[in-house]
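What follows is a single structure, written as structure tokens, with notes after it.
The values are calculated or read from the model by the stated rules, or taken from the named source; none is laboratory data. Keep in mind that what you see is a predicted model, and the values were worked out from it rather than measured. Because the Cβ atoms are built from the backbone with ideal geometry, glycine has one as well, and the counts that use them run over all protein chains shown. Ligands, DNA and RNA are stripped out before the accessible areas are found, and what is left, the full protein with its side chains, is counted by its heavy atoms. Shrake-Rupley method; radii C 1.70, N 1.55, O 1.52, S 1.80 Å.
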Amino acid sequence: MSRKGAIARLIAWLALLVFIGYTAIFGLGSDGSGSMNDITLGLDLRGGVSITYQTVEDVTSQELEDARNKLAQRAQDQSTEANVYTEGSNRITVEIPGATDANQILEELGKPGTLIFCTDSSDPEGTTVITGSDVVDAQPRVTAKQTTNAREYVVELTLSADGRKKFSDATEKLVTNHDPIYIVYDGSVISAPTVRSHIDSETCEITGMDSYDSASTLASNIRIGALPVELEEIRSEVVGARLGQNAVRTSLLAGIIGLIIIFIFMIAYYRLPGAVASFALLMYTVLVIVLISTFKEEITLTLPGIAGIILGIGMAVDANCIIFARIREEIGQGKSVRAAIEAGFAKAFSAILDGNVTTLIAAAVLFFLGSGTVKGFAETLALGIVVSMFTALVVVRSLMRAIVALGAENEKLYGKVTDVKVIDFISRRKICYIASSAVILIGILSMVIHSVSGYALNYSLDFVGGASTSVVLDKQYTVEELNDQVQPVVVDAIGDTDVQITPVQNSNEIIIRTKTLTLDQRDKLYSSLADQFGADESKITTENISATVSSEMQRSAIIAVIVAAIFMLLYVTIRFRNFSFGFTSVLPLIHDVLVLLAFYAVFRWTVGNTFIACMLTIVGYSINATIVIFDRIRENRKLHKGDMNSVQIVNLSISQTLTRSINTSLTTLIMVVVLYILGVTSIREFALPLIVGIICGCYSSVCIAGCLWYDFQNFLDDRAAKRKAHAGKK
């Protein structure tokens, strides 16, 4: 590359960074699209619309859960972060993050009511063909008429097996005179399509709509009417952000400070490559912001989503640490800086690829099998992984080549490693096994002890439900004022920090969600609210509420993690051509989850919505660090075959990657620690487990993963030797 070409490349990358940075801050066009202000925030960060439905008649718990499931499916069309949960024995609440118009959401969701397909509109009950429970789905479609090829708007119905049989019997009779089937929704006829053929399939079409909107409206009414129970709307409101704008601002400030500290560390330790990595990390940050805002219809940013971004930052830094460590090793072996850079990227590629692909597999599985906040985490994690690979393998490589072309070939600018101090991890592995087992055992015992008198873990409202208190204060408070003034009073009154306060739009009323209150706690709360904020005690109401994190969401998260672990095991086994690598890459994940669970149990940290996000973050972080070590073990087995035994290879491999493991963990910790120091209470409850998880992930990768592989591989080798010896005796 010529000098002019190198200068042109540097200017081009700088111009691109400035352009993307400008877009991230100010956006493009008068509407500011593409900027961070254009990002769709979840209910916990931005607020949104909350709608509560109540059953018209008494229903069973199973019927209520079925209705919740159907509403949840529809709410997902509004936002992937939609939260749908039951309250008590007859209510369902739908929360749509980012929405500001409750009436519009109500109109789009539709009014839940009874749905009947019948042959006589004057006597629906007596001439019923099928009911809403027989309808699986209804979707608007645009087709072309066979005769004229003209556009036609239809509604495609999908029926259950029972519905198909009943519909077949009815249409076989009605087709003779081309009689209509009346679709009666909530007592009114909304359509009366004529039967023109005998229908004996699980899908059929309703034709005759004059526009796509008409077809869409009919389909929506049919879907809503297909609820297993009849619901009526009893409350709809625009709610404020649970964390408040102050939490968003402090999180943003923490991110900026954290990045600056990481830049300083990278430059101080890695010198010139560290400056290049800082440039690439800045590129990563603004790219992620722009992409999230660009795909705002698909991605809703929540607190778990922020966890995915933090993990992505860790992955981006990690890739650079791997590359720069390789470059230093190549320089230490006597290669020129130019040759060392090319060799460093080539040798680091497999570790970066495998680490990112395994985490990407986890993100994909979590997205397709998870729900709610789990999907939000998966979206930002996948986006961060793709962007981090681009910045590490494209941006950093291009900049390094340009800088070398400008004459920066002094090895002092890069550093070098001539000799690695090998630490004997294998001989100390039993100490690590015992220490880990002790922590996990303490956690299990703590859960058992606490389960005797209550819950094994300190579950939040999201998991166990609690109480919802409605109170009218002396004036209308902002979210920040509620967090700063009202929340401390509530916490002091009930003696618990797990409190959620949301204002009712355009009124002095607020909703306080707490754990189930005793009579004394309730009296003290009422008295405090009356004394401090002029509330009328006689008008304060409290009712029990159910968990917002449904058992379905918990099950889907657990299933998603298990399936992700299986897919990661398969990928690592195939890539490394060795089952022991795949099997022992998953074991540290289990270790990290159990250790973090022990901390939750012993220190009674609140287990809420962010608990799932924390666990998923640690799983993604840990597998990446383990893959880096396994990649080095695989390489050294080939390189030192015959002159090193397994003990020496494992110890050498862990020692060679030790600096990378520490530096990656340190830079990720910097971001989370700053978030913990500057964040509000709810942010700290999220950041603290991440701090423990990151440290645990580094420990398990360095002290556990390689040793587990060594022991498991020896076990397999011994079994193979015994089978061979046994076969020889025969």
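Would you please give the FRET efficiency between Ala346 and Val18, computed as 1/(1 + (r/R0)^6) with r the Cβ-Cβ distance and R0 = 35 Å, to the nearest 0.05?
In this case the efficiency is close to 0.70.
Would you please give the FRET efficiency between His450 and Asp711, computed as 1/(1 + (r/R0)^6) with r the Cβ-Cβ distance and R0 = 41 Å, to the nearest 0.05?
0.75
Restricting to Cα pairs below 8 Å that are 6+ residues apart, what does the relative contact order work out to for the chain? Please round to a whole percent.
16 percent
Would you kindly state how much longer the chain becomes between Ser211 and Met1 on full extension, computed as 0.36 nm times their sequence separation minus their alpha carbon distance, in nm to one decimal?
Going from the current span to full extension adds 69.6 nm.
Between Leu570 and Glu298, what is the label-point separation in nm under the 7 Å Cα-to-beta-carbon projection?
Once both label points are built, they end up 2.3 nm from each other.
Students often check this: by mean Cβ neighbours within 10 Å, which of 667-679, 192-204 ranks highest, and how do the rest follow?
Going from most to least packed, we get 667-679, 192-204.
Just the Cα atoms of the chain: what Rg and Dmax do they give in Å?
30.0, 93
Could you compute the net charge surrounding Pro180? Neighbours are other residues with a C-beta less than 12 Å from the C-beta of Pro180; K and R count +1, D and E count -1.
Taking every other residue near Pro180 into account, the sum is -1.
Got a sec? Charge dipole of segment 149-212, +1 on Cβ for Lys and Arg, -1 for Asp and Glu; which of His198, Tyr185, Ala161 is way out at the positive end?
The residue sitting farthest along the positive end of the dipole is His198.
How large is ³J(HN,Hα) for each residue in segment 10-26, as worked out from phi by the Karplus curve 6.51 cos²θ - 1.76 cosθ + 1.60 (θ = phi - 60°), to whole Hz, x for Gly and Pro?
Calculated HN-Hα couplings, in order: 5, 5, 5, 5, 5, 5, 5, 4, 4, 5, 5, x, 4, 4, 5, 8, 10 Hz.
Just read off the accessible area of Glu230 with the full protein assembly in place, 1.4 Å probe, to the nearest 10 Å².
Answer for Glu230: close to 60 Å² accessible.
Per residue, what accessible area does the chain have, given a 1.4 Å probe and all protein chains present, in Å²?
Averaged over the residues of the chain, the accessible area is 44 Å².
Going Cα to Cα from Lys347, which aspartates and glutamates come in below 13 Å? Please leave out same-chain ones fewer than 8 positions away.
Lys347 reaches Glu329, Glu330, Asp631, Glu635.
Round to the nearest 0.05 the FRET efficiency obtained for Asp536 and Ile559 when R0 = 56 Å and r is the Cβ-Cβ distance.
0.70
Quickly work out the Glu202-to-Glu481 label distance, labels modelled 7 Å from Cα along the C-beta direction, and quote it in nm with one decimal.
Label-label distance for Glu481 and Glu202, simple model: 5.6 nm.
Using 7 Å Cα-to-Cβ label points, what is the Val422/Asp169 separation (nm, one decimal)?
Placing both labels 7 Å along Cα→Cβ, they lie 8.0 nm apart.
Which order, highest average first, do 623-629, 713-719 follow once you tally other Cβ atoms within 10 Å for each residue and take the mean per peptide?
Answer by packing, highest mean first, reads 623-629, 713-719.
Among Ser160, Ser665, what's the order by accessible area (1.4 angstrom probe), most exposed first? Show your work: numbers first, answer last.
On the way: Ser160 30, Ser665 10 Å².
Output order, biggest surface exposure first: Ser160, Ser665.
Which value at 222 nm does the chain reach when only helices count, each DSSP H run of 4 or more adding -39,500 (n - 2.57), with the total divided by all residues and rounded to the nearest 500 deg cm²/dmol?
The per-residue figure over the chain is -20000 deg cm²/dmol.
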